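Take a look at the structure set out below.
The values are calculated or read from the model by the stated rules, or taken from the named source; none is laboratory data. Quick caveat, the model's predicted, so the values are computed rather than measured. Please note: Cβ atoms are built from the backbone with ideal geometry, for glycine as well, and neighbour counts cover all protein chains shown. These accessible areas exclude ligands, DNA and RNA; they are computed on the full protein's heavy atoms, side chains included. Shrake-Rupley method; radii C 1.70, N 1.55, O 1.52, S 1.80 Å.
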Amino acid sequence: MSEHSSESTTLDESHPSAEEVQSGSENLKCSLPVGLGLSETKITSHGFDGAKEGVVEAGQFPSKGSSASPKSSVISPSSAAAGRLAGQGCDLIIPTGGRAQQKSGPVVLADEVKNPAMEKLELVRKWSLNTYKCTRQIISEKLGRGSRTVDLELEAQIDILKDNKKKYENILRLAQTLSTQLFQMVHTQRQLGDAFADLSLKSLELHEEFGYNADTQKLLAKNGETLLGAINFFIASVNTLVNKTIEDTLLTVKQYESARVEYDAYRTDLEELNLGPRDANTLPKIEQSQQLFQVHKEKYDKMRNDVSIKLKFLEENKVKVLHNQLVLFHNAIAAYFAGNQKQLEQTLKQFHIKLKTPGADAPSWLEEQ
């Protein structure tokens, strides 16, 4: 009896009070040692003042002399304890298997990342649909089944521009041919003049005759170079007008024609939907088609306005450029074949044309090395 009473006294003295158990459990919940896993602990519920609190207690281990293995842990957390753990930043994750794991931080769910392949697929789908509608519209127009929007005044100006471009290109080719032929003639006259001058020095009895012909050929070659400079300046100006200014306007015309085809394609699509029945399935399609039609109508109106403005500016620029170049070409040709050297040089000065010195573009012997 005495031994039993002493053991009871020892157990009572070693048993902690309710406040000590509560503060110890709060400290232990957020500061478990790394070496002590939750598998070595168990969570039991004790009632203090009518409230249930989750308490983590160490598992029962055998004495030193015992060879039995330690008991398996039992996890039975209460709802109040789980709430306190979550409030203090300690995450307790319980998988479906019933085992608890500790995580060091909160769980963050990342937003769904957009798939680039799906975006490309959507762009390809829209492009394919638009291409199909435009192709169907073009085929319908060629077969005479579909209607097309026509601006009579603008279409007439575009046709005149395309026709003029072909005629200007023909003038440009002929002027380039004349320049090539004149260059060859001038080159031949210069060689002929050098040959006459050489014979004038070596043939004493025909010194004067060879000398006259040498001077004539050299003068013709000089005037030919002046005329060649005027013709090349004419070619450069017309080439800029045809292959840059007019070509830029025609590029805008192509964009306008593409916008017109798209506009007619979506207009035809909307008209077909309006002729069909109106129910819950077709009304969203009609509304979407109306929106697409409005977008392409605004694009078509904008391109038509751009083409009108460019055609107006092109006409003003074309008249000014061709007026100056035609006057230059006429005066240079007339002065050359009339033998009026002063008038020919005056024409070049009037248009600020500088002639290149023969052989000026040739590299020196040092550059060749």
key: Number of positions in segment 229-263 that are of a type in the set (Val, Ile, Thr) and either loosely packed, with under 14 Cβ neighbours inside 10 Å or not in a helix (DSSP H, G or I) (or both)   = 1
ask   = Counting only residues that are of a type in the set (D, E, K, R) and outside any helix (DSSP H, G or I), how many does segment 164-205 have?
value = 1
query = Which one is modelled with the lowest pLDDT, of the residues in segment 308-361 that are of a type in the set (Ser, Thr, Tyr) and either surrounded by 11 or more Cβ atoms within 10 Å (Cβ to Cβ) or closer than 24 Å to Lys244 by Cα (or both)?
reply = Thr347
task = Evaluate segment 142-161: report whether one residue or more is outside any helix (DSSP H, G or I) and either over 51 Å from the mean Cα position of the chain (by Cα) or aliphatic (A, V, I, L, M) (or both).
result = yes
message = Need the failing condition index for Ala265 against (1) touching a Lys or Arg at 6+ places or on another chain (Cβ under 6 Å); (2) free of Cβ contacts under 8 Å to residues at least 60 places away in the same chain, just the number.
response = (2)
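Rundown of residues vs (1) surrounded by 14 or more Cβ atoms within 10 Å (Cβ to Cβ); (2) touching a residue at least 12 places away in the same chain (Cβ under 8 Å); (3) over 23 Å from Lys349 (Cα atoms), yes/no style:
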position	(1), (2), (3)
Asn170	no, no, yes
Ser200	yes, yes, yes
Ala221	yes, yes, no
Thr226	yes, yes, no
ask   = Condition test on Asp151, is it open to solvent by 40 Å² or more (accessible area, probe 1.4 Å), under 28 Å from Tyr256 (Cα atoms) and of a type in the set (D, E, K, R)?
value = yes
